[in-house]
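Heads up: the structure comes next, in structure tokens.
The values are calculated or read from the model by the stated rules, or taken from the named source; none is laboratory data. Every value quoted in this text rests on a predicted model; they were computed, and no experiment measured them. Positions of Cβ are backbone-derived with ideal geometry, glycine not excepted, and every protein chain shown enters the neighbour counts.
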Amino acid sequence: MKNCAPEKIRNFVLAGHAGSGKTSLADLMLFKSGAVNRRGSVDQGTSVSDFRQEEQERKSSIYSSVMHCPWQDGHFYFIDTPGNSDFCGEAMNAINVADMMVLVVDAMLGIGPGTIRAWRQARERNLPRVIFINGCDRDQSDFNSVLDLLQHNYGKTICIPYNLPVGSKAALSGVAKVMDGAGGEYAASAEEFKNALIEAVAETDEELMNKYFEDGDLSPEDFTLGFRKAILSGSVVPVFTGSVEKDLGVSELMDALLAYGPSPLDAVTLHLDHGEVDRKSNDALGFVFKAVNDAFIGQLNYVRIFSGTFKSDSELINSSKDSKERVGNLLQVQGKEQAVVEEAGPGEIVAIAKLKNTGLNDVLGSKSFNCAFSAVDYPQPTTLYAVSAQAKGEEDKLGAGLSRLAAEDPTIVVERNPETRQTILRGMGDLHINLVVSRMKNDFKVGVVLETPRTPYRETVNGTGTAQYRHKKQSGGHGQFAEVHLRIEPFAGTAEEEFQFGNEVVGGNIPKNYIPAVEKGVIETRLSGPLSRSKVINFKATVYDGKYHDVDSSEMAFKIATRGAFREAMAKAKPMLLEPIMSLKIMFPEEYMGAISGDLNSRRGRILGMDREEGMQILNAELPLDECYSYPTQLRSMTQARGSFEMAFERYEPVPSQLAAQIQAEAAKLQEEEED
């Protein structure tokens, strides 16, 4: 690579929904620039970006991929990201560190969940962005309707075409700049868009506004200056168009990225928890936005450099961990290819191997920096499985492997559920979970078994029950004696206070020093209710009488007596099963409304309301957790992967009686198996 001044470097991310052509665009840019001598192809498995076996098999991106290429007198560093919601963590990490976003939108399919997520994240950062409408050469493409949708969702005075198609569908032969006046079917709208662009540019600067009012136009020099300023401020998001397949409009896009895009020295907003980043400082500062376990090299950290110069064979400070790191080689990455470079500066992306104590989201630099990047706001994982090792004795290997994968990808969540005694693996979808299973087998040599998780039900009481229980045991020396009279009744509990304990014992029938033992007995026994061995909530347990023995009574005896009294009182207090109810926010194109509402009704769901957001239908609903386990797969199938949803716990509700009997039978069967 030729050395390039930071002013001529452009760092950007390719983002958008799955299937919009981001990877093909990345491959074409590398080929057009001369960075590779053969144009990569996703379909033929020769893509520079999608080089991993699982990506080639799926013909779709799973990981973000780092690339670079020269263009004219500048140099591009860019990241191709997956558009599938299952792998959104990779895309979000890349958007978090880029100086600009190229949002690729399909001219046939338009906006999808990946488009919306990328736009929202960029908007929150006020990240400069451009839109490329790809695939305008295809028979089902509709440039006008996609442009209308973008302008409707994101603003007519913000999303303004920079160029327009020449010809349409199979007759597409090129693109024409709006500022040059497009002919043909777009002649009238070209004039309208030209005026909109000039007005938007003039509004960025008072001096330009005055010139525009006086002359009714802007000089090419003034337009160029103002246009770049408008893009950097986010007040204009120019829309480019073309076809990656036919290589139409791509050179124009690349030219514009170099001419108008931010350099690494421009003050593009970064999300910081505290401190600040001086992009023009000579002190080296970089951020780890991607960490992977490479089969040959070990841990590989990808660093976006924000200021100063990183050098091979040097020492760096990890400000996040307050530790020193020895750097061997700096690696410049081109898909799977890695080349050693002596140094790298602002805007560049390097990979560093074998750092001892550095991982995702760490700040590295030539000194200790008092700054921290804000955590990326990942969506909550919606796909849950109980996970266990296929072979006996490999639970530790399973745990270690899952921990390492979760350290690479924060959208993988692994937790132990003490109630169901299962390890739960949460991910963004079945494809995401299957990738974890595949990597556990290939990278960590552990076979994994997936099962539907057991639902953490709750039990409560619908009436009042009382019981007297005596625990008496004599076996040489001191015996054991305690008698507890307990009343259980309904109580409107909260998340913080699931039950209440009361003491109505008078006359010292149970000495005060034994009352805490009775309370402990309630606390322990409520963890396994009589119906399904689930935690009992929303009740009040009151000890109102009892008996003790001067010699034979003890804390343990009162705990044992309380357990017996609790179980008997529960049985009389009309116990009932409760199930967790989740609130769902489902986002999908309008044409799937009938299928989605019908499916929710069949799952005991409740539709609460409808809305529209960024061109998509929004449906708010409630669904029992038990019905949510298979929902991600069903939603993907119903919407051709264009639907997505968010899920959060809402409350517990009584289980319908026919289901309650089934749940109790399953719990009894499970208990028998465990006792065997």
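Structure data summary
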{"item": "Pairs with Cβ under 6 Å, 6+ apart, first in segment 70-82 and within 21 Å of residue 302 (Cβ to Cβ), second in a loop (DSSP other than H, G, I, E, B) and of a type in the set (A, V, I, L, M, F, W, C)", "result": "75/4; 82/62"}
{"item": "Residue list for segment 391-415, restricted to those being part of a loop (DSSP other than H, G, I, E, B) and either out of contact with any helix residue (DSSP H, G or I) (no Cβ under 9 Å at 6 or more places or on another chain) or not charged (D, E, K, R) (or both)", "result": "391, 392, 393, 394, 410, 411, 412"}
{"item": "Whichever residue in segment 1-18 is in a loop (DSSP other than H, G, I, E, B), of a type outside the set (A, V, I, L, M, F, W, C) and in contact with a helix residue (DSSP H, G or I) (Cβ under 9 Å, 6 or more places away or on another chain) and, among such residues, is modelled with the lowest pLDDT", "result": "17"}
{"item": "Any chance residue 571 is touching a Gly at 6+ places or on another chain (Cβ under 9 Å) and surrounded by 17 or more Cβ atoms within 10 Å (Cβ to Cβ)", "result": "no"}
{"item": "Residue within segment 620-629 that is touching a helix residue (DSSP H, G or I) at 6+ places or on another chain (Cβ under 7 Å) and either of a type in the set (S, T, N, Q) or not in a strand (DSSP E or B) (or both) present", "result": "no"}
{"item": "Unique residue being under 21 Å from the mean Cα position of the chain (by Cα), at pLDDT below 95, buried (at least 22 other Cβ atoms within 10 Å of the Cβ) and among the charged types (D, E, K, R) when the list is 86, 99", "result": "86"}
{"item": "Set 455, 464: member being modelled with pLDDT of 90 or more, β-branched (Val, Ile, Thr), surrounded by fewer than 18 Cβ atoms within 10 Å (Cβ to Cβ) and touching a strand residue (DSSP E or B) at 6+ places or on another chain (Cβ under 7 Å)", "result": "464"}
{"item": "Segment 200-223, subset surrounded by fewer than 21 Cβ atoms within 10 Å (Cβ to Cβ) and either within 37 Å of the chain's Cα centre (by Cα) or of a type in the set (Lys, Arg) (or both), residue nearest to residue 161 (Cα to Cα)", "result": "200"}
{"item": "Segment 57-72 - residue that is within 19 Å of residue 333 (Cα to Cα) and under 25 Å from the mean Cα position of the chain (by Cα) and, of those, surrounded by the fewest Cβ atoms within 10 Å (Cβ to Cβ)", "result": "62"}
{"item": "Sole residue being in the same structural domain as residue 647 (by TED's automatic domain parsing), more than 21 Å from residue 649 (Cβ to Cβ), touching a residue at least 24 places away in the same chain (Cβ under 8 Å) and under 47 Å from the mean Cα position of the chain (by Cα), chosen from 586, 596", "result": "596"}
{"item": "Qualifying positions in segment 530-562 - assigned to a loop (DSSP other than H, G, I, E, B) and over 36 Å from the mean Cα position of the chain (by Cα)", "result": "530, 531, 548, 549, 550, 551, 552, 553, 554"}
{"item": "Number of the condition not met by residue 244 [criteria: (1) among the β-branched types (Val, Ile, Thr); (2) under 19 Å from residue 154 (Cβ atoms); (3) crowded, with 22+ Cβ neighbours inside 10 Å]", "result": "(2)"}
{"item": "For residue 362: the one exception among (1) out of contact with any Asp or Glu (no Cβ under 9 Å at 6 or more places or on another chain); (2) among the acidic types (Asp, Glu); (3) not assigned by TED's automatic domain parsing to the domain that holds residue 293", "result": "(3)"}
{"item": "Any pair with Cβ under 6 angstrom, 6 or more apart, that starts in segment 424-447 at a residue that is more than 30 Å from residue 646 (Cβ to Cβ) and ends at one that is surrounded by 20 or more Cβ atoms within 10 Å (Cβ to Cβ)", "result": "444/401; 446/398; 446/401; 446/440"}
{"item": "Candidate set from segment 489-517 (those that are among the hydrophobic types (A, V, I, L, M, F, W, C) and exposed (fewer than 15 other Cβ atoms within 10 Å of the Cβ)); member that is farthest from residue 576 (Cα to Cα)", "result": "506"}
{"item": "Verdict on residue 671 being surrounded by 13 or more Cβ atoms within 10 Å (Cβ to Cβ), among the polar types (S, T, N, Q), part of a helix (DSSP H, G or I) and in contact (Cβ under 8 Å) with a residue 40 or more places away in the chain", "result": "yes"}
{"item": "Qualifying residue in segment 637-654 (condition: in contact with a Phe, Trp or Tyr (Cβ under 8 Å, 6 or more places away or on another chain), under 30 Å from residue 594 (Cβ atoms), assigned to a loop (DSSP other than H, G, I, E, B) and hydrophobic (A, V, I, L, M, F, W, C))", "result": "no"}
{"item": "Matching entry among 590, 613, 653, 674 (being at pLDDT below 90 and in contact with a strand residue (DSSP E or B) (Cβ under 6 Å, 6 or more places away or on another chain))", "result": "590"}
{"item": "Output for segment 25-35, where each listed residue is crowded, with 19+ Cβ neighbours inside 10 Å and out of contact with any Asp or Glu (no Cβ under 7 Å at 6 or more places or on another chain)", "result": "25, 27, 29, 30"}
{"item": "Condition broken by residue 423, with the remaining ones in (1) under 30 Å from residue 552 (Cβ atoms); (2) crowded, with 17+ Cβ neighbours inside 10 Å satisfied", "result": "(1)"}
{"item": "Test: residue 497 is of a type outside the set (Val, Ile, Thr), more than 26 Å from residue 393 (Cα to Cα), modelled with pLDDT of 95 or more and assigned by TED's automatic domain parsing to the domain that holds residue 546", "result": "no"}
{"item": "Residue tally, condition over 24 Å from residue 299 (Cα atoms) and under 13 Å from the mean Cα position of the chain (by Cα), over segment 397-437", "result": "1"}
{"item": "Residues of segment 282-306 satisfying the condition of being over 20 Å from the mean Cα position of the chain (by Cα), within 24 Å of residue 439 (Cα to Cα) and aromatic (Phe, Trp, Tyr)", "result": "296"}
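Let's see how each residue does on (1) touching a strand residue (DSSP E or B) at 6+ places or on another chain (Cβ under 8 Å); (2) at pLDDT below 95:
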{"site": "224", "(1), (2)": "no, yes"}
{"site": "237", "(1), (2)": "yes, no"}
{"site": "250", "(1), (2)": "no, no"}
{"site": "264", "(1), (2)": "yes, no"}
{"site": "270", "(1), (2)": "yes, yes"}
{"site": "291", "(1), (2)": "yes, yes"}
{"site": "294", "(1), (2)": "yes, yes"}
{"site": "299", "(1), (2)": "yes, yes"}
